[in-house]
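Please read the structure below before turning to the comments.
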Amino acid sequence: MLTRLKQLFTPGAPQPSIRQKRRMAKRARPLEEARGEDIDSFIKAVYQADAKGHSPWVLRDKSVLDTLRRALEFTVHHGLWLQLEEGHVAHWQGRLLALRHGEGPPLGMVLACRPDDEAAWQLRYFYIDQEWKGSGHGTRLLMAVRRSLSGVPLQTRLPLACHSAIDSLEAAGFTRQYVDAFDVASYEAPAMWDE
């Protein structure tokens, strides 16, 4: 298993075939709905990303932190993400999902949201805890997200400087769509595994 993971993440190594990706997806443990106590882990990861300039939220202002915490709590308890649209708060579908081993704290989490049943899921933020990075858990998390939210395309955007996250996205079957003028790449995974 370790040899296979090294092959996946070694530059220039052959990429897994569709059959191998399907096998890996079947072995990927399903994600769980996050618990209220998981929100602190999520915010800690956002702080770490913000320090590197890789966070979708800038948490230097306490009001932004408080708003993010309330939005995450609302998502955990109601399945809705509070999204600002044209100066108004819209209620998007939202899921905060956690990858765990047993009953311990999450190894990683993902926040996914979409405006309605017809839209693709947007992965707003995902992370693997520092302690577990470099062990293939990023790919496991993203493959489990694809399985948990199957039947709908998944989209995400992240800075090109997030090398390990990009490697995990590509290993999980996401493809780069384009890169904007700020070096932020857009990725998408199709609704069906064999596309």
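Against the conditions (1) among the aromatic types (Phe, Trp, Tyr); (2) open to solvent by 60 Å² or more (accessible area, probe 1.4 Å); (3) farther than 21 Å from residue 44 by Cα, residue 121 satisfies every one except (2). Looking only at residues of the range 36-74 that are in a helix (DSSP H, G or I) and small (Gly, Ala, Ser), we find that the one that is surrounded by the fewest Cβ atoms within 10 Å (Cβ to Cβ) is 63. Looking across the range 152-164, the residues that are more than 10 Å from residue 121 (Cα to Cα) and either among the acidic types (Asp, Glu) or free of Cβ contacts under 8 Å to residues at least 60 places away in the same chain (or both) come down to 157, 160, 163, 164. Touching a residue at least 24 places away in the same chain (Cβ under 8 Å) and more than 19 Å from residue 155 (Cβ to Cβ): is that true of residue 88 in this structure? For residue 88, the condition - touching a residue at least 24 places away in the same chain (Cβ under 8 Å) and more than 19 Å from residue 155 (Cβ to Cβ) - is not met. Looking at 191, 144, 181, 172, just one residue is more than 26 Å from residue 100 (Cα to Cα) and of a type in the set (Gly, Ala, Ser), and that residue is 181.
Any chance you could count how many residues in the range 151-195 are in contact with a Gly (Cβ under 9 Å, 6 or more places away or on another chain), small (Gly, Ala, Ser) and open to solvent by 30 Å² or more (accessible area, probe 1.4 Å)? The number of residues fulfilling the criteria is 2. Could you list all residues from the range 97-112 that are buried (at least 22 other Cβ atoms within 10 Å of the Cβ) and closer than 13 Å to residue 142 by Cα? If the condition is that a residue be buried (at least 22 other Cβ atoms within 10 Å of the Cβ) and closer than 13 Å to residue 142 by Cα, then 97, 99, 107, 108, 109, 110, 111, 112 are the ones that fit.
The values are calculated or read from the model by the stated rules, or taken from the named source; none is laboratory data. From a predicted model like this one, the values you see are computed outputs, not experimental measurements. Here the Cβ is made from the backbone with ideal geometry for all residues, glycine too, and neighbour counts use every protein chain on show. Only protein heavy atoms, including side chains, enter the accessible area calculation; ligands, DNA and RNA are left aside. Shrake-Rupley method; radii C 1.70, N 1.55, O 1.52, S 1.80 Å.
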